[in-house]
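Some notes on the structure that comes next.
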Amino acid sequence: MPRIRNLVSVDDLSTAEILELFQRAKEYAKDLRAWSNVCRGRILASLFYEPSTRTRLSFESAMQRLGGGVLTAAEMSSSSAAKGESLADTVRVVSGAYADLIVLRHPSEGAARLAAEFALVPVVNAGDGSHEHPTQTLCDLYTLWIEKGRLEGLDVVLAGDLRYSRTIHSFVYALARFGANIVCVPHRGLELPEYVVRRLREEHGTEPVRADASDLGDLARESDAVYLTPNKPHQLSLFTDARVLRVDRVDAVYMTRAQTERHGDADMASRYMRLSQSAMSAAPLKEAIVMHPLPRRDEIAADLDDDPRSLYFTQAARGVPVRMAILAMLLGCLELSAEPVEHEERLFPVESGVNPCPNTNCITHTEKRHQRLGYKLTSRDPLRAACGYCAQEIPIGLVGCTTTRHFHPRDSAAARKIRPDHLVFFRDEQQALALGFSAATR
Amino acid sequence: MPRIRNLVSVDDLSTAEILELFQRAKEYAKDLRAWSNVCRGRILASLFYEPSTRTRLSFESAMQRLGGGVLTAAEMSSSSAAKGESLADTVRVVSGAYADLIVLRHPSEGAARLAAEFALVPVVNAGDGSHEHPTQTLCDLYTLWIEKGRLEGLDVVLAGDLRYSRTIHSFVYALARFGANIVCVPHRGLELPEYVVRRLREEHGTEPVRADASDLGDLARESDAVYLTPNKPHQLSLFTDARVLRVDRVDAVYMTRAQTERHGDADMASRYMRLSQSAMSAAPLKEAIVMHPLPRRDEIAADLDDDPRSLYFTQAARGVPVRMAILAMLLGCLELSAEPVEHEERLFPVESGVNPCPNTNCITHTEKRHQRLGYKLTSRDPLRAACGYCAQEIPIGLVGCTTTRHFHPRDSAAARKIRPDHLVFFRDEQQALALGFSAATR
Amino acid sequence: MPRIRNLVSVDDLSTAEILELFQRAKEYAKDLRAWSNVCRGRILASLFYEPSTRTRLSFESAMQRLGGGVLTAAEMSSSSAAKGESLADTVRVVSGAYADLIVLRHPSEGAARLAAEFALVPVVNAGDGSHEHPTQTLCDLYTLWIEKGRLEGLDVVLAGDLRYSRTIHSFVYALARFGANIVCVPHRGLELPEYVVRRLREEHGTEPVRADASDLGDLARESDAVYLTPNKPHQLSLFTDARVLRVDRVDAVYMTRAQTERHGDADMASRYMRLSQSAMSAAPLKEAIVMHPLPRRDEIAADLDDDPRSLYFTQAARGVPVRMAILAMLLGCLELSAEPVEHEERLFPVESGVNPCPNTNCITHTEKRHQRLGYKLTSRDPLRAACGYCAQEIPIGLVGCTTTRHFHPRDSAAARKIRPDHLVFFRDEQQALALGFSAATR
């Protein structure tokens, strides 16, 4: 039996697979009603631990357009979970015979990965807290790809709340992966977080450069724009001149709403950026498509709705063919010729028995009964690790070795020699001692 | 592409279309399981902003019996709407690719019309506040038509709360349109409202005549019955005698529950009219079928349930074939030979920018983000206008002209000369002045 | 037209039917996706008056795997019921044309029987208060049957809360009916109730014998085990010796969670029995399968999850093929060769007009509008009767005869002569007199 494929993160798909799925979605989109034999007899279960009508209906529509059946549990938090059942148990039951694929929405980060470990069928992450929402990201990429014919080298403006928007962070990584240039035009105070910029640099070689966005007019008036490009600075100096850093042609403006529930600033709404006909009249935006993950509030004025560049409703509609392609593939009803990702990210056990993840909203903290712990080694030197579920960085004071039962400074040579499956992370010496480790004598 | 047909109001269908839909429903009803190819591959989305299990299940059953798929959002008010999304946006997203038809239930009057303006697929009104619920009305007519073989000239008793029941008002207009006679037997104090009677007179020529309902016995004992007939009084005197106004043969009794939540009289329930075997034993009711829109409380005694004249459960069951016919038609899977309504009612823009609709529960007031305004001219002389969404009459103190910027008395000759798309309505002079209009000098 | 079959109680199916359904379920389970033509065109309605995602999804999956459609009303208590509609009316409407079968979950005991009396289509009881949940019981039996190849003569340990668990009581009766031996290993204080033991004795001849469970080790350490066997004591002495009562080989351990919501002892959870690898290492448990109705909390340790004897998730998964067989049969899409139960249990009218059922959670008390009353005569001598809906025993002080209008002592010869349909039950003389009966003069 082939291994079960999941879609917990965009990284679960190879770049070639994504492009092949897009080709397939494009076929599906030609006539959405012509594919009702693709998944006939298969059943999708929507397990939603927090409400999200849009996402749920999009998946359920995709499955029905493929001819499959749908089981809906739109209010999981008030039923099974209320009876004290663990996510692991729920997923094992539902994947036993009820459904052939699970679409999971959960408020805790890392929930989808946990579910995938226990499920007997593929799991699709439809949003786990503020962690990932890969199908949303793929739909966004798809719209760019369809409209512009490519992803590499596109110039994409990200506007608004770049700090707290999960959608933006996932989209940024994906754009970098596909070689697009990113122009950040944040609402003041809501810049892209430092850890996102660092990851872009470390994983994709994307460097931030100060951008001159004065041609963008209203849109960038109050904002310090930053240009993130996969081209190395020396390449910039070789092949381009100073004008490149000037934003003079934009392929897309991706607007996002203020995550008011996150920064607790109710007053924000009134001062928040607003995209309108007037803002979109700047010369570099002439052919820029306007995107938005929806729901919008007032950050896009109604006067843009009929503008041919406004594609936010089309973007939402395209979620259906993209999800059709994803579901068909995961259900084994669509075979891709593209190679899958070579290796899955390895999770190492947490040997100390103490959960090192600092994120209190991580599933490793919120799941009481069938908690799993695991970490990813994101860098050997300097030593850096992340929670295997929510991907948040683990704060490391000291490290220990389960074989020697000694602990060492984080950046010591001794620390670097410990095998990952023997590694233990401590906040401080007190914790190390309490867990029965002693200082290395030498 | 043919224009998108909606069912926001019964008036969206021509009389010939309604009768053809009834014929089709009759075919469907012969074997409900034989039509699963009619809408195969089509998807219906139930968007319910207030709960209504009965109506929702009836539509979803109809769609499934036609072989189509169903997306259910039974708790819209706690999801998308809670995130601040406008109805207009929700409808644009859902109609983009998710669904091929939207069934909408909403607490605000006029919501279905607003939704229809934005949707890319047909919208069916499954109840918008206390405004319209056209499929309910059509199901009621259908039962009369099936049982009595016709609608014209039938004598239909409407009993109970005739004041606050939306169902009754819609049914009354429909009965008048098809030429049926209406015998109002209201619970004391819950008579048919004056504006309903006026509309009956103005649009259908239906005249109220005092009725002698003494033969109806218990049913009409405490009630002042009124007879509403499409026949002009002079015709009554020509072709009939005084006995005609005596209610001596009834085709149907349509009972309705006390809308206790509307008149806030909890005590009402105990004194409310009650239809029982004894009440139905009066001679003129011998062949009268008993109808009720359900749910009932105590206004129909259980001893009537097994009476062959009791058709309320059958009436509910017939909602399925009638809705099947409506869905099949709107989805383009059933072509009618009947001519559609010739012209849609024209909506004129509200030029003042101030919402003249007096109904605080109208969607023009409750929808904050993508509000639309528009009015219908219901009468030129005297000048009368209604909200284009909830149909409630607009109170007119003065009228203005957007070209001359003058205002005039409502019933003046000058007022009558203003073109509808230049007309502005003011409550009073103060409002007119505030909006920059001045008194006509001449 | 053949009479409508319902599944309100396991007793609605004959033993031969159950075994034939199991054979059919086994066929279905070979490839769950191969049966999508069995119920094509049929519609199931899930009417859930209290939430139960697991049960609902299991039924809905079964129906979809058979190719049928599903209507879901997962929150009935907040919709129709809130509008004051009776269960009887709701069921009459839904069964009119909406659905071809109703799956009902309701918090009141006896609700499913009431629904079955009014519905025009088959009703499946998916749990009525703490009364019955027959498909759960059948799934449990099915797992035993599949794993052990038979039911008769099996030794099944029931562990945990045997007092308050509905599932356990239903399972116990079913095991007795199929001739299995039951070893009760209750949590201290949560023994099988006396009335269950009495019914086992009276209906199945099952006798309780003190068991020596010392070989079970940890599992039975704090518990007074009881052995319930369908073999008569004299048979035991004939064919077995004292060692038989020693529990030395167990076929299955059925663990159940503490019904903390029932005995109001929050502290219980921490002291509750816990099944783990260590408990399951006792010699007699070597080939015992581990079962649990789920959801579990902590009563089964995670270390058992990967043990091949652990079948609780498989048991849940098997709910789908078993329910497929049941639905197919009730919908008339699967014809059994087995004979049905010969006669339905007779319900006699309650002539006094006073509801004699002592169970305040019985549907006869909670249903206000279309209440039905009826009783079953469970024993003639001594005179014993049970509520016809919730099956709870009726407390009888005196009995009356509606013909003579006299009352008599419960155990008198006169009482025994009264025909069941003339019988009236009184708590005491005062009630009898108040209802117009007088003491028998002789």
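The values are calculated or read from the model by the stated rules, or taken from the named source; none is laboratory data. Since the structure is predicted, the reported quantities are computational estimates derived from the model, not experimental observations. Glycine gets a Cβ as well: all are built from the backbone with ideal geometry, and neighbour counts include every protein chain shown.
Suppose we filter the stretch B:37-49 for residues that are at the interface with another protein chain (Cβ under 9 Å from one of its Cβ atoms) and either farther than 13 Å from B:Val121 by Cβ or hydroxyl-bearing (Ser, Thr, Tyr) (or both); how many remain? Working first, answer last.
The initial filter retains those residues of the stretch B:37-49 that are at the interface with another protein chain (Cβ under 9 Å from one of its Cβ atoms), namely B:40-43, B:45, B:47.
Next, only the ones that are either farther than 13 Å from B:Val121 by Cβ or hydroxyl-bearing (Ser, Thr, Tyr) (or both) stay: B:40-41.
Total satisfying the criteria: 2.
Go through the stretch B:28-39 and count every residue that is in contact (Cβ under 8 Å) with a residue 12 or more places away in the chain and surrounded by 12 or more Cβ atoms within 10 Å (Cβ to Cβ). Can you show your working first?
Quick first cut of the stretch B:28-39, residues in contact (Cβ under 8 Å) with a residue 12 or more places away in the chain only: B:28-29, B:32-33, B:35-39.
Now drop any that are not surrounded by 12 or more Cβ atoms within 10 Å (Cβ to Cβ), which leaves B:28-29, B:32, B:35-36, B:38-39.
The total comes to 7.
Starting from the stretch A:406-425, take each residue that is over 11 Å from A:Ala439 (Cβ atoms) and list its partners that are assigned to a helix (DSSP H, G or I) and at pLDDT 90 or above, counting only C-beta distances under 9 angstrom and pairs at least six apart or across chains.
A:Leu423/A:Ala415; A:Val424/A:Ala432
Being in a helix (DSSP H, G or I), modelled with pLDDT under 80 and in contact with an Asp or Glu (Cβ under 8 Å, 6 or more places away or on another chain) is the filter here, so list the residues in the stretch A:215-261 that pass it. Steps first, please.
Start the filter on the stretch A:215-261 by keeping residues that are in a helix (DSSP H, G or I), which leaves A:215-220, A:233-239, A:242-245, A:260-261.
From the residues that got through so far, the ones that are modelled with pLDDT under 80 too are A:233-239, A:242-245, A:260-261.
Selection gives A:Pro233, A:Leu245.
Checking A:Asn6 against (1) surrounded by fewer than 21 Cβ atoms within 10 Å (Cβ to Cβ); (2) under 27 Å from the mean Cα position of the chain (by Cα): exactly one of these is not met. Which one?
Of the numbered conditions (1) surrounded by fewer than 21 Cβ atoms within 10 Å (Cβ to Cβ); (2) under 27 Å from the mean Cα position of the chain (by Cα), the odd one out for A:Asn6 is (1).
Here are some residues: A:Gly68, A:Gly127, A:Gly84, A:Gly96. Which one is in contact (Cβ under 8 Å) with a residue 60 or more places away in the chain, at the interface with chain C (Cβ under 8 Å from one of its Cβ atoms) and out of contact with any Asp or Glu (no Cβ under 7 Å at 6 or more places or on another chain)? Spell out the reasoning first.
On the way: A:Gly68 fails: at the interface with chain C (Cβ under 8 Å from one of its Cβ atoms); A:Gly127 fails: at the interface with chain C (Cβ under 8 Å from one of its Cβ atoms); A:Gly96 fails: in contact (Cβ under 8 Å) with a residue 60 or more places away in the chain.
Being in contact (Cβ under 8 Å) with a residue 60 or more places away in the chain, at the interface with chain C (Cβ under 8 Å from one of its Cβ atoms) and out of contact with any Asp or Glu (no Cβ under 7 Å at 6 or more places or on another chain) holds for just one of A:Gly68, A:Gly127, A:Gly84, A:Gly96, which is A:Gly84.
Report yes if A:Gln23 is within 14 Å of chain C (Cβ to nearest Cβ) and at pLDDT 95 or above, otherwise no. Let's see the steps before the verdict.
Working: within 14 Å of chain C (Cβ to nearest Cβ): no; at pLDDT 95 or above: yes.
Criteria not met by A:Gln23.
Listed residues B:Met273, B:Met324, B:Met280; which is away from chain C (no Cβ under 14 Å) and part of a helix (DSSP H, G or I)? If you could, list the steps in order and put the result at the bottom.
Details: B:Met273 fails: part of a helix (DSSP H, G or I); B:Met324 fails: away from chain C (no Cβ under 14 Å).
After ruling out the rest, the residue left standing is B:Met280.
Which pairs have Cβ atoms under 7 Å, sit 6 or more apart or on different chains, and link a residue in the stretch B:212-223 that is on the phi > 0 side of the Ramachandran plot to one that is in a loop (DSSP other than H, G, I, E, B) and not acidic (Asp, Glu)?
Here the result reads B:Gly217/B:Ala282, each pair linking the stretch B:212-223 to a residue that is in a loop (DSSP other than H, G, I, E, B) and not acidic (Asp, Glu).
Answer yes or no: is there a residue in the stretch C:291-311 that is of a type in the set (Ser, Thr, Tyr), assigned to a helix (DSSP H, G or I) and more than 7 Å from chain A (Cβ to nearest Cβ).
Within the stretch C:291-311, the subset of a type in the set (Ser, Thr, Tyr) is C:310.
After this cut, where a residue has to be assigned to a helix (DSSP H, G or I) as well, the list is none.
No; the residues of the stretch C:291-311 include none that is of a type in the set (Ser, Thr, Tyr), assigned to a helix (DSSP H, G or I) and more than 7 Å from chain A (Cβ to nearest Cβ).
Determine if the stretch B:145-156 includes at least one residue that is part of a helix (DSSP H, G or I) and either surrounded by 24 or more Cβ atoms within 10 Å (Cβ to Cβ) or at pLDDT below 95 (or both).
Here is the first cut: in the stretch B:145-156, the residues part of a helix (DSSP H, G or I) are B:145-148.
Right, trim to either surrounded by 24 or more Cβ atoms within 10 Å (Cβ to Cβ) or at pLDDT below 95 (or both) and you get none.
No.
So, in the stretch A:428-442, of the ones that are at pLDDT below 90 and in contact with a helix residue (DSSP H, G or I) (Cβ under 9 Å, 6 or more places away or on another chain), which residue ends up surrounded by the fewest Cβ atoms within 10 Å (Cβ to Cβ)? Break it down into steps so the answer makes sense when it comes.
Of the stretch A:428-442, the ones at pLDDT below 90 are A:440-442.
With the extra rule that they be in contact with a helix residue (DSSP H, G or I) (Cβ under 9 Å, 6 or more places away or on another chain), the set shrinks to A:440, A:442.
Numbers: A:Ala440: 17, A:Arg442: 6.
Looking at residues that are at pLDDT below 90 and in contact with a helix residue (DSSP H, G or I) (Cβ under 9 Å, 6 or more places away or on another chain), I get A:Arg442.
Is it fair to say A:Val209 is of a type in the set (Val, Ile, Thr) and either crowded, with 24+ Cβ neighbours inside 10 Å or part of a strand (DSSP E or B) (or both)? Talk me through it step by step, then tell me what you get.
Numbers: of a type in the set (Val, Ile, Thr): yes; either crowded, with 24+ Cβ neighbours inside 10 Å or part of a strand (DSSP E or B) (or both): yes.
Taking the combined requirement at face value, the residue satisfies it.
Out of the stretch C:392-427, which residues are surrounded by 17 or more Cβ atoms within 10 Å (Cβ to Cβ) and among the aliphatic types (A, V, I, L, M)?
Of everything in the stretch C:392-427, those that are surrounded by 17 or more Cβ atoms within 10 Å (Cβ to Cβ) and among the aliphatic types (A, V, I, L, M) turn out to be C:Ile394, C:Ile396, C:Leu398, C:Val399, C:Ala415, C:Ile418, C:Leu423, C:Val424.
Return yes or no: is B:Arg113 charged (D, E, K, R), within 9 Å of another protein chain (Cβ to nearest Cβ) and in contact (Cβ under 8 Å) with a residue 24 or more places away in the chain?
No, not satisfied.
Going through A:Ser52, A:Ser58 one at a time, which residue ends up being more than 7 Å from chain C (Cβ to nearest Cβ), modelled with pLDDT of 90 or more and either closer than 15 Å to C:Thr53 by Cβ or surrounded by 24 or more Cβ atoms within 10 Å (Cβ to Cβ) (or both)? Please lay out each step first, then the result.
Working: A:Ser52 fails: either closer than 15 Å to C:Thr53 by Cβ or surrounded by 24 or more Cβ atoms within 10 Å (Cβ to Cβ) (or both).
Matching residue, one of A:Ser52, A:Ser58: A:Ser58.
Keeping to the stretch B:403-430, report how many residues are among the small types (Gly, Ala, Ser) and either assigned to a strand (DSSP E or B) or under 33 Å from the mean Cα position of the chain (by Cα) (or both). Lay out the reasoning, then the answer.
Narrowing the stretch B:403-430 to residues among the small types (Gly, Ala, Ser): B:412-415.
Applying the additional criterion that residues be either assigned to a strand (DSSP E or B) or under 33 Å from the mean Cα position of the chain (by Cα) (or both) yields B:415.
The qualifying residues number 1.
Does C:Cys139 satisfy the criteria of being on the phi < 0 side of the Ramachandran plot, in a helix (DSSP H, G or I) and not assigned by TED's automatic domain parsing to the domain that holds C:Arg24? Steps first, please.
Working: on the phi < 0 side of the Ramachandran plot: yes; in a helix (DSSP H, G or I): yes; not assigned by TED's automatic domain parsing to the domain that holds C:Arg24: yes.
In short, yes.
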